[in-house]
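This report refers to the structure that appears directly beneath it.
The values are calculated or read from the model by the stated rules, or taken from the named source; none is laboratory data. For clarity, every value in this text was computed on a predicted model and none was experimentally measured. Cβ coordinates were reconstructed from backbone atoms using ideal geometry, including for glycine residues, and neighbour counts include every protein chain displayed.
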Amino acid sequence: MDETLHTEGEGFHTEDMTISMGPQHPSTHGVLRFVVKTDGEVMREAIPDVGYLHRSIEKIGEKVTWHGYVPYTDRADYLAAMFANQGFCMAAEKLAGIEVARRGEFCRVIACELNRIASHLIAVGTFGQDIGAITPFIHALRERETINDLMEEICGARLTYNYIRIGGVGYDITPGTCDRITQFLDHFEPIVDEYNRLLSYNKIFIERLAHVTPITREDAFQYNIVGPNLRACGLKWDIRRDIPYSVYPELEFNIPVGTGEKGTLGDCYDRYMVRMEEMQESCKILRQCLKTLPKGPAIAKVARKFKPPAGEVYIRIESARGDMGFYVVSDGSEYPYRVRIRTGSFTAMSIIDKISRGIMVADLVALIASLDVDAPEIDR
Amino acid sequence: MQQLVDQLIQEGYFEGVPKDFVYTGFMVLVALLVLSFFVAPLAGITSWLERRVWARIQSRVGPNRVGPQGILQWLADGIKNLLKEDIIPTAADKRLFALAPYVVFVGFFATFVVIPFGSQLIVADLNIGILYLLAITSLVVVGILMAGWSSNNKWSLLGGMRSAAQIVSYEIPAGLALLTIVFAAGTLSMQGIIKAQGWAPWDWLLFYNPFTFAAFFLYFTAALAEGNRTPFDIPEAESELVAGYVTEYSGMRFLFFFFAEWGNLYVIGAIATTLFLGGWQIPPITDHPVLVGILQFIVFFLKAYLWVFVAMWVRGTLPRVRVDQLMSLCWKYMVPLSFICLLGTAAWMVIWPQGNRVASFVMFLIGVAILGLFFRRVRFQIRHAQPVLYWKPYI
């Protein structure tokens, strides 16, 4: 797939084809748009065009109260809403110096890890669908449905949770729910193997992904790739371990990294496998949390009229799509002065133009799916 | 029938037309009617079955509302699509755009002319049956290219181009695999090929020698690619090309493409059955002509439908290959392999002009062993897929 494929016949005028891929396109995961220039099947360039799902979530932050903003953060990334909840609440707590209830911290971790599994299920499921295998997608959604049921039990909502509040969590996790989560884990861990047999070790699937669009470590640094995409480049970097927050330091878990087992280090297959392994790690974390869930209140006492002292704070958490940052400025009033959200998908979008040159149109689809970019999170 | 035509001629309906013309015309008309009434429900029911099989693979229910077990779903879908607005884009080449679905449809429909459903049940037992088959299925690519070009949509164009490259390439291994059988059977006629086989599996051409055994899999793979089926469904790859060459189509025209696709699925199975699996051959258990005809039809239909089911199964399991991988699979592996099959069969016929019964029997046993291992593997997967947690079974 190099320049030689670009045939310029003598006296024969050829032109690159410009195609608008999206915003309504089956494999752009929401409303993304790429202005794609191709030479037949070979990509010349793919320019991401973002902003179709912009809902001014950051601006809304300046207009609603601290407590009232939490439901809006759900919408920043509706496939992994719990993380944005947690990020904003941690920022507010740090500003006001609130000690979070210990049971609340565990509830947060349980909810977040369940949500990470759900989000990764969507990621690998749609990945399979973009490669052309529809069955794994439905199977992944079947498991995710169980998680949605669990979430409904925990907080009453299935997609946008509004569960994590400033000072703890909205509702305590009941013993019955704990049993159900254990039941789900018993069921889910073998399912990952089944999923591996169905998709991960499929010959066609490996052929499609191995060696496709590898991201080097230098590129990853320059383009600020985070989360599973960064770990697929072979770098062991996880905010949960390296800039610890919540109760993660007390928990045992591995950080899966890309190994280049089927192709180049940091290719699509590595990005896929990292997510598969992360789901299993999340299962481990969940089991530990359920075992050591302390007694006590799930939420600390926080004033209804929440007014943190003036100041600014930057909070980083490990979302399902990587390093999610909340930069929150307070002027001591009832409303945040400024809320800025930094998300992993946005930076992941920027590298697509660089590494997609010279690949096939079908590979571009695989690349988008492997980066797990999520339209709501890009635009916010 | 003949009396009716005679009566019509006497009453002066066909003044000045030669008598033979009228007879031929009526025969063609009747054949077309019969085929239409057979093919339309066949393609429809195949579509329903595919959705059901697919749904079971994906642990869903599938269409089960219209008729018993949803078997009339295709009728409801057909009526819905008939009632829909037929949109022709303003920038499209209107004539080609309107014509393309019918070209595709004719390309698949005309193959039914030479498919032998029984020893008497065939529209025309052409002495060049297989050549006719290869020629007429090539018409499909013309229709798809027309659709891709005339839509004036870049995704459609890409889909059309992919399809042209794919179908033209895969006709070579498919054709060579078929030629292997022509060598072994010594005839091009479909009925002749079936008559060269027996009812017992070891008399089938599939087990004639190792090369025909390999040719069967080559043919089936190439036929899947020719029929744009997963894992070779790149012309309509919905995740890459939106819907490929059918992107701009709507209503009944859209349905015609899929009508052809599902009908084609049966054609693949029928050709495989005819050439490799003994066609309508049944053990000599009865002499009653009607009963024999019915039994032959059932045997042929089931054998063909088995492969339809396999194609559905494959579609529910495998991802899609990339364009360059598709081409390299064809030209680097399948074409040389099918040549080897062809030459191997020729050599085999020089060594054993009458065929080798022992080798056939051994091949049959190997086939059974492969099938047994395969089913053991499938059972293993099913056992592992058992523990499914449903908290809300009513959903």
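With respect to the conditions (1) more than 14 Å from every other protein chain (Cβ to nearest Cβ); (2) surrounded by fewer than 24 Cβ atoms within 10 Å (Cβ to Cβ), A:Arg116 falls short on a single one, namely (2). Taking residues in segment B:154-165 that are more than 7 Å from every other protein chain (Cβ to nearest Cβ), and partners anywhere that are buried (at least 23 other Cβ atoms within 10 Å of the Cβ) and among the aromatic types (Phe, Trp, Tyr), the pairs with Cβ atoms closer than 6 Å and at least 6 places apart or on different chains are B:Ser156/B:Tyr245; B:Gly159/B:Tyr245; B:Gly160/B:Tyr245. Against the conditions (1) of a type in the set (Ser, Thr, Tyr); (2) more than 17 Å from the chain's Cα centre (by Cα); (3) closer than 25 Å to A:His211 by Cα, A:Thr65 satisfies every one except (3).
Among residues of segment B:108-127 that are without any contact (Cβ under 8 Å) to a residue 60 or more places away in the chain, none has a beta-carbon under 9 Å from a residue that is part of a loop (DSSP other than H, G, I, E, B) and among the charged types (D, E, K, R) at least six positions away or on a different chain. Would you confirm, using the coordinates I've provided, whether A:Gly125 is in a helix (DSSP H, G or I), within 17 Å of the chain's Cα centre (by Cα) and under 30 Å from A:Thr18 (Cα atoms)? For A:Gly125, the condition - in a helix (DSSP H, G or I), within 17 Å of the chain's Cα centre (by Cα) and under 30 Å from A:Thr18 (Cα atoms) - is met.
Tell me whether segment A:231-240 contains one or more residues that are of a type outside the set (Val, Ile, Thr), touching a strand residue (DSSP E or B) at 6+ places or on another chain (Cβ under 7 Å) and either within 14 Å of chain B (Cβ to nearest Cβ) or surrounded by fewer than 23 Cβ atoms within 10 Å (Cβ to Cβ) (or both). Yes, because at least one residue in segment A:231-240 is of a type outside the set (Val, Ile, Thr), touching a strand residue (DSSP E or B) at 6+ places or on another chain (Cβ under 7 Å) and either within 14 Å of chain B (Cβ to nearest Cβ) or surrounded by fewer than 23 Cβ atoms within 10 Å (Cβ to Cβ) (or both).
From the list B:Ala359, B:Ala311, the one residue that fits, being out of contact with any His (no Cβ under 6 Å at 6 or more places or on another chain) and modelled with pLDDT of 85 or more, is B:Ala311. Please verify whether A:Ala101 is more than 12 Å from chain B (Cβ to nearest Cβ), surrounded by 24 or more Cβ atoms within 10 Å (Cβ to Cβ) and of a type in the set (A, V, I, L, M), treating the condition exactly as stated. In short, no. Going through (1) without any contact (Cβ under 8 Å) to a residue 12 or more places away in the chain; (2) within 14 Å of chain B (Cβ to nearest Cβ); (3) of a type in the set (A, V, I, L, M, F, W, C) one by one, A:Val365 falls short only on (1). One residue stands out among those in segment B:114-166 that are out of contact with any Leu (no Cβ under 8 Å at 6 or more places or on another chain), under 30 Å from B:Gln296 (Cβ atoms) and of a type in the set (Val, Ile, Thr): the one that is modelled with the lowest pLDDT, which is B:Ile122.
Looking only at segment A:290-308, decide whether some residue is closer than 22 Å to A:Asp77 by Cα and touching a residue at least 60 places away in the same chain (Cβ under 8 Å). No, that holds for no residue.
For B:Phe216, the conditions (1) crowded, with 22+ Cβ neighbours inside 10 Å; (2) assigned to a loop (DSSP other than H, G, I, E, B) all hold with the exception of (2). Remark: A:Glu15 falls outside the filter, which requires a residue to be touching a residue at least 24 places away in the same chain (Cβ under 8 Å), among the acidic types (Asp, Glu) and on the phi < 0 side of the Ramachandran plot.
Scanning segment A:5-24 for residues that are in contact with a strand residue (DSSP E or B) (Cβ under 8 Å, 6 or more places away or on another chain) and either at pLDDT below 70 or within 11 Å of chain B (Cβ to nearest Cβ) (or both) gives A:Leu5, A:His6, A:Met17, A:Thr18, A:Ile19, A:Ser20, A:Met21, A:Gly22.
If you go through segment B:285-292 one residue at a time, do you hit one that is more than 14 Å from chain A (Cβ to nearest Cβ) and under 20 Å from B:Trp204 (Cβ atoms)? Looking through segment B:285-292, at least one residue is more than 14 Å from chain A (Cβ to nearest Cβ) and under 20 Å from B:Trp204 (Cβ atoms).
Checked against (1) buried (at least 16 other Cβ atoms within 10 Å of the Cβ); (2) within 9 Å of chain B (Cβ to nearest Cβ); (3) in contact (Cβ under 8 Å) with a residue 24 or more places away in the chain; (4) more than 23 Å from the chain's Cα centre (by Cα), A:His139 passes all but condition (4).
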